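Structure, as structure tokens:
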Amino acid sequence: MTTAAIDARGLGKDFGAIRALDQLDLEVREGEFFGLLGPNGAGKTTTVHLFATLLAPSRGTARVAGHDVVREGLSVRRSIGLVFQDTTLDRDLTITENLRFAARLWSLPERVARPRIDVLLRQFELLERRDDPVRTLSGGMRRAVDIARGILHQPRILFLDEPTAGLDPRARRSLWARIRALRAESGLTVLLTTHYVEEAEPCDRVAVLDRGRLAALGTPAELKQAAGVRSLEEVFLAHTGHPLAETDGG
Amino acid sequence: MSARAVYGIVAREFVRFLRQRGRVLASIGRPFVWLVFAGAGFAAVFTGRNQIDYRVYMAPGLLGMVVMFGSLLAALSTVTDREAGVLRMVLVAPIRRSTIALGKTLGATLLGTAQALVVAGLLLPVVHLRPTLAGALLGLVAVVLSGLALGALGLVLAASIRSIENFAGVMNFVIFPMLFLSGALYPVRHLGVVLRAVAYANPLAYGVDLLKHALLGAWAEAGYGGELPVLLDCVALAVFAIVGLALAASLLGREGGVTRTALRGRP
């Protein structure tokens, strides 16, 4: 486990005059559960979109799964799964139709996709609802389908952008149980962005982003020790100087 | 180029269309509304009455209109995909932007062609127009090529316009001039130089002209058939389709296609 799943050097992004991400140096190890923590607007989603080749960097470089995000976009996208902050499902199609659509976009042959979809639906307890339109599902179920969609092509790296935004506590718990099981099973690298500090506690390492800058980086224990505090919440406060967002999503 | 991804995009467009009953019925009923209302009015002032029934003259234009509504408006799905987030999922897939543009355009072509075939099956018997086999085949070519050109054009508009409200407004602005300057309702050659020049920048004009070659061959002598060479019509439509596809692919790939929506409301 010495190769880096993600390697960013001086990565930055501007939107007009707004510096969304300043100069990020970051290495995520293969198999790591990495948390990107920060208040709303800190640059978390921008960072994920840069890694996913949905944005072109304004400066710096990044390699994801060993591929350059600028020159080898297709190879990067082949190696990653991305669960967006807001659902990307077609509400008019059924669960199965959505997953089959994704399987085709990822060029999975039907004979590979079909059994894999069945397994995921069973794992995510969606079998009985498989032929229901997505618009009839609860938020928690939709999220589960989003995640199933994100791992259908068996990526090496999974990005979860604020995955629990808008979910009730029960749905959150079952989502984390699923992610844990996935990681135990496949050694998947997971990069999580969140502004809920407690969600970053189980991460191997955490980076705190604030206003487009890396404010702190380390294991949750290291960060707490360095700041001389007991909770990640206090670490977060110490580094960003402002309290956590109270609102969901965003 | 991933054939499976293209197939996935086309299949989804078709399934979505079939689930929208109102849209299916409207697309089939619309040309008949035009046939009855516009047909009655225009027939009264139409000077070629002795040579050709106006409703027969209108038939190729109405089929062209069906393709226009079918293929051009299919691009609406790209706008709704952007709003619903589906477009982001498509953009993060390991496929080229040109593959997405091709899939969307072929989907639009399929929708336009399917609607035109259904309408042709109902409309042609009603106006007592029986095309020859060669005419029917040329008609199919005309419908498919028009679908490609208009589908690509629709996608260019959809890729450059961000909101549904804007898209609807622009479409209304595009559709009616396009229809009136297509030769669907009256021959383009009667127009002044300027309008005629505009007509020849209109992909639908070539599609309708090709459909007239296909269906009104018997009235060509009297001056109601196609006005331009068949080959020119085909080449013009192909050029519109290819240029449109290239433009749409680059617009879809343009930064902000995904992310500006993703970042909306965020600093």
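Every number in this text was worked out from the coordinates using simple rules, so none of it is lab data. The model shown is predicted, which means the values in this text are computed figures rather than measured ones. Glycine also receives a Cβ, built like all others from the backbone with ideal geometry; neighbour counts cover every protein chain displayed.
Data overview
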| quantity | calculated |
| --- | --- |
| Cα-derived Rg over Rh, computed across region B:1-158 with Rh taken as Kirkwood radius | 1.06 |
| Cross-link reach list, lysines versus A:Lys13, counting only Cα pairs under 23 Å and skipping chain neighbours closer than eight places | A:Lys44 |
| Cα pair count fraction exceeding 25 Å, expressed as % - region A:121-250 | 33 percent |
| Cα-based helix-to-principal-axis angle, B:164-180 vs chain B, degrees rounded to 10 | 20 degrees |
| On Cα atoms only, tilt of A:95-105 relative to the major axis of chain A in degrees | 70 degrees |
| Viscosity 1.567 mPa s, temperature 4 °C, Stokes-Einstein D of region B:108-202 from Kirkwood C-alpha radius, µm²/s | 84 µm²/s |
| Fluctuation leader among A:Val208, A:Val70, A:Val229 - chain A, Gaussian network, Cα springs under 10 angstrom | A:Val229 |
| Cα coordinate range in region A:18-118, projected on the principal axes (Å, largest first) | 43, 29, 24 |
| In Å, descending, principal axis extents of the Cα set of region B:69-227 | 55, 36, 26 |
| Distance in nm between pseudo-label sites at B:Glu221 and A:Asp14 (7 Å out along the Cβ direction from Cα) | 7.3 nm |
| Two-decimal Rg to Rh for the protein assembly as shown - Kirkwood Rh, Cα set | 1.08 |
| For region B:1-65 versus region B:79-154, the gap between their alpha-carbon centres in whole angstrom | 12 Å |
| Separation of alpha-carbon centers, region A:4-35 and region B:208-249, rounded to whole Å | 52 Å |
| Evaluated over chain A, the Cα radius of gyration and Dmax, each in Å | 18.0, 55 |
| Using alpha-carbon coordinates, inclination of helix A:169-186 to the longest axis of chain A, degrees | 90 degrees |
